[in-house]
Structures are given as structure tokens and as C-alpha cells.
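Take a look at the structure set out below.
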Amino acid sequence: MGKVTAVCTSPEKGTQKTNVNEALFIEDHGIEGDAHAGNWHRQVSLLSHDRIEEFRAKGAEVKDGAFGENLVVSGIDFRTLPEGTKLYCGDVVLEITQIGKECHHGCEIFQKMGECIMPVEGVFARVIRGGIIRVGDEMQVGEYE
């Protein structure tokens, strides 16, 4: 079981996201008001809080949302979960659809650190069932019923 530590959105693609503390997740769409919402497989992005902390320990000065992630969750190592895994958070059900992504080496984080964790650590999901997710909510890994 994990705990949501940040819920982040941005109105434009290619920009860092801001922690808004709670958001409405819309079935088959994504997060209301987020630039990456839409009818595709990468509606929501997730990163493990623990992996971000490890990156910060290397000297990276990154805030929640800096990697473009929507949800930061402690206690779940997303990189170990296969595509198709279901994540439950309150009423919301997410399904992991992609693990990692190609990182453009021109991003600010890569320029400063020489690496970025999103290509290996980040996962993407689609919204199976909508609802609200807030900072402090618990997330469980399981099978969709």
C-alpha cells in the first residue's frame, strides 16, 4: 500500500507541473485541467516518492511535478509493476499502460544532472474509473474487479 504525497497538474505540455493537492480524475480522459488528459494511453503519469528522494540525495533540486508527473506516491515502487497492473485510490481505478518514456536530453533536469529518472522510473496509466484523489489518500495495487 502507498500514500499519495503530491497531485500535480499543468495547463500546457512540456512544462513542469504544480502540486494542486487534489484533482478530479475523469474516466477514459485523465485529470481535469491537465494538458496530458485526453483519449490516449498516457492520461496520468506516476512516480515513486522514494525514487525522487534518491534522486534528490544526488543533489537534484526538484519539486514535486518537476518531471511532469501527476501523482507522487510513497511506498510503491512503480518500476516493478507490469503493464496492466491496476491501482486503486479511493473511487479511482488506474491501469498502468506504459513503463518509462523517452526523455528529451534538452530538459532542464537532464542538463543539470546528466540524467533523468522519468525514462526508467515513470509509469503511465489510463483512468478506468474516475473520482477525486487527494494528498494523503492511500493507494493499493491489485486486480480490477
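Which members of the stretch 24-42 meet the condition of being assigned to a strand (DSSP E or B) and within 13 Å of the chain's Cα centre (by Cα)?
Selection gives Phe25, Gly30, Ile31.
For the stretch 43-52, indicate whether the set of residues that are in a strand (DSSP E or B), of a type in the set (Lys, Arg) and either in contact with a Lys or Arg (Cβ under 8 Å, 6 or more places away or on another chain) or closer than 18 Å to Met139 by Cβ (or both) is non-empty.
Checking the stretch 43-52: not a single residue is in a strand (DSSP E or B), of a type in the set (Lys, Arg) and either in contact with a Lys or Arg (Cβ under 8 Å, 6 or more places away or on another chain) or closer than 18 Å to Met139 by Cβ (or both).
Taking the stretch 24-53 as the region of interest, how many residues are basic (Lys, Arg) and touching a Gly at 6+ places or on another chain (Cβ under 6 Å)?
Of the residues in the stretch 24-53, the ones basic (Lys, Arg) are 42, 51.
Filter again for touching a Gly at 6+ places or on another chain (Cβ under 6 Å), leaving none.
Selection size over the stretch 24-53: 0.
Look at Glu121 and say whether it is at pLDDT below 90, buried (at least 18 other Cβ atoms within 10 Å of the Cβ) and within 20 Å of Ala6 (Cβ to Cβ). So that I can check it myself, show each step before the final result.
Numbers: at pLDDT below 90: yes; buried (at least 18 other Cβ atoms within 10 Å of the Cβ): yes; within 20 Å of Ala6 (Cβ to Cβ): yes.
The answer is yes for Glu121.
Can you name the residue in the stretch 70-98 that is within 14 Å of the chain's Cα centre (by Cα) and modelled with pLDDT under 95 and is also nearest to His41 (Cα to Cα) among such residues?
Across the stretch 70-98, the extreme among qualifying residues is Gln98.
The values are calculated or read from the model by the stated rules, or taken from the named source; none is laboratory data. What you see is a predicted model; the values in this text were computed from it and never measured. For neighbour counting, all protein chains shown are included, and Cβ atoms are generated from backbone atoms with ideal geometry for every residue, glycine included.
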